[in-house]
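Trainee: Structure provided below as C-alpha cells; questions to follow.
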Amino acid sequence: MRKRKEQEKEHENVDRWMVSYADFVTLLFCFFTAMYAISNVDSSKLGKFVDSMRAAFHYSTDRGNAFAVIEDVQVNLPGDIEVESGVREILGTLAGGSENSITVRRDSRGVVISIADRHFFDPSTAELSESSKKILDKIADALLRYPNMVRIEGHTDNVPVNSSFFPSNWELSSIRAVNVAKYLIGNHSIHPGRIAAVGYSEYRPMAPNDTPGGRAKNRRVEVILLNDRESFHEP
C-alpha cells in the first residue's frame, strides 16, 4: 500500500500545461472581442451612458470625491474627432497661423476655434474689422457643415478698458461675442437658435496676465462647436 502511494507521488502529470494554455487562449479571445466592440462604438449610446453616469454620481455621491473625478474626465467620442478634423480642413492655413493666433483644439466643451482679438477688433472696441469677416466666413463654412450647438465666448486681459462706451471688460467681452454671433447669423443664415454669446471678461485666462505676451493670448474670441449629444433641429 505504501509503495503504491509513493509511485503515485512520483508520477508527474505532463498534461497540466493544457490548463494554462486554455486560460491563455480564453483571455486572448476576450481581449480581441473587447477591442472589436470598442472599434465599433455607437457614439450616441456612449454619450448617453456617460451622461447618465455623471448624473448618477452627481445626485448620489459627495461632490468632493467620486463625482469630482468623473466631472474632469474628457470623453473624446468619434464624432468629436471627426468635427475637429473637418474644421481644420475648412480653415486650412488659417489654423495654426502666425504665432498660433488662430488655433483649433478639443477640450471638455467640444471643438474650440480660438482667435486672437487683433484679427477682429481694434483695441478697446467691439466693431468687427473688415479683415475679420474673411475669417468668419471660413468659420461659418465649418458651422454649416455640422449641426452642433455653438457658443461664442469673448475674453479680455485684466487691463481696465479705456473706453467711454464700455464701463468694464464685462461689457467689452460680451458685446464682442454678440457682434460675432450677429455677423454669422446675418451673413450666413445660421439659425439664431443654434448660437449663444457669452462674455467672460478677464476671468478665464489662457496665460498669466503679467506679461504682454500672456495678455495677448488672453484677449481672444472662441467659437465652440459644443459636444452636446443633442444637435440643433430647426423648429
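The values are calculated or read from the model by the stated rules, or taken from the named source; none is laboratory data. Only a predicted model underlies this, so the values are computations on that prediction, with no experimental measurement involved. Please note: Cβ atoms are built from the backbone with ideal geometry, for glycine as well, and neighbour counts cover all protein chains shown.
Trainee: Is there any pair linking a residue in the range 93-111 that is assigned by TED's automatic domain parsing to the domain that holds Arg151 to one that is at pLDDT 90 or above and assigned to a loop (DSSP other than H, G, I, E, B), with Cβ under 8 Å and at least six apart or on different chains, and which?
Mentor: Going by the 8 Å Cβ cut-off, the qualifying pairs are Gly110/Asn148; Val111/Asn148.
Trainee: Which is more than 22 Å from Glu153 (Cβ to Cβ) and either out of contact with any Cys (no Cβ under 6 Å at 6 or more places or on another chain) or modelled with pLDDT under 70 (or both), of Ile113, Ile102, Ile70?
Mentor: Matching residue, one of Ile113, Ile102, Ile70: Ile70.
Trainee: Can I ask one more? Under 9 Å between Cβ atoms, which residue pairs at least 6 apart in sequence (or on different chains) link something in the range 140-167 that is over 21 Å from Arg118 (Cα atoms) and without any contact (Cβ under 8 Å) to a residue 60 or more places away in the chain with a partner that is part of a loop (DSSP other than H, G, I, E, B) and of a type in the set (Lys, Arg)?
Mentor: none
Trainee: Among the residues that make up the range 191-205, is at least one of them farther than 18 Å from Ile102 by Cα, hydroxyl-bearing (Ser, Thr, Tyr), more than 25 Å from the chain's Cα centre (by Cα) and surrounded by fewer than 19 Cβ atoms within 10 Å (Cβ to Cβ)? If you could, list the steps in order and put the result at the bottom.
Mentor: Applying the first criterion (farther than 18 Å from Ile102 by Cα) to the range 191-205 yields 191-203.
This time we only want the ones that are hydroxyl-bearing (Ser, Thr, Tyr), so: 200-201, 203.
Still in the list and also more than 25 Å from the chain's Cα centre (by Cα): none.
Looking for residues that are farther than 18 Å from Ile102 by Cα, hydroxyl-bearing (Ser, Thr, Tyr), more than 25 Å from the chain's Cα centre (by Cα) and surrounded by fewer than 19 Cβ atoms within 10 Å (Cβ to Cβ), one finds none in the range 191-205, hence no.
Trainee: Also, I was wondering about something else. Mind listing whichever residues of the range 73-99 are more than 16 Å from Asp141 (Cα to Cα) and either modelled with pLDDT under 80 or of a type in the set (Ser, Thr, Tyr) (or both)? I'd like the intermediate steps shown before the answer.
Mentor: The initial filter retains those residues of the range 73-99 that are more than 16 Å from Asp141 (Cα to Cα), namely 73-81, 96-99.
Residues satisfying the conditions are Val73, Gln74, Val75, Asn76, Leu77, Pro78, Gly79, Asp80, Gly96, Gly97, Ser98, Glu99.
Trainee: Another question, then. Just to verify a result, which residue in the range 127-149, among those that are touching a strand residue (DSSP E or B) at 6+ places or on another chain (Cβ under 7 Å) and part of a helix (DSSP H, G or I), is surrounded by the most Cβ atoms within 10 Å (Cβ to Cβ)?
Mentor: First, pick out the residues of the range 127-149 that are touching a strand residue (DSSP E or B) at 6+ places or on another chain (Cβ under 7 Å): 135, 139, 143, 146, 148-149.
Filter once more, keeping what is part of a helix (DSSP H, G or I): 135, 139, 143.
Numbers: Ile135: 21, Ile139: 26, Leu143: 21.
Checked the range 127-149; the qualifying residue surrounded by the most Cβ atoms within 10 Å (Cβ to Cβ) is Ile139.
Trainee: Same structure, new question: Return the total of residues in the range 152-176 being assigned to a helix (DSSP H, G or I) and closer than 16 Å to Ser129 by Cβ.
Mentor: Here is the first cut: in the range 152-176, the residues assigned to a helix (DSSP H, G or I) are 169-176.
Next cut, closer than 16 Å to Ser129 by Cβ only: 172, 175-176.
The qualifying residues number 3.
Trainee: Can you confirm whether the range 189-202 contains a residue that is more than 17 Å from Arg219 (Cα to Cα) and of a type in the set (Phe, Trp, Tyr)? First the steps, then the outcome.
Mentor: Kept after step one, since they are more than 17 Å from Arg219 (Cα to Cα), are these residues of the range 189-202: 189-196.
Narrowing the set further to residues that are of a type in the set (Phe, Trp, Tyr) leaves none.
No.
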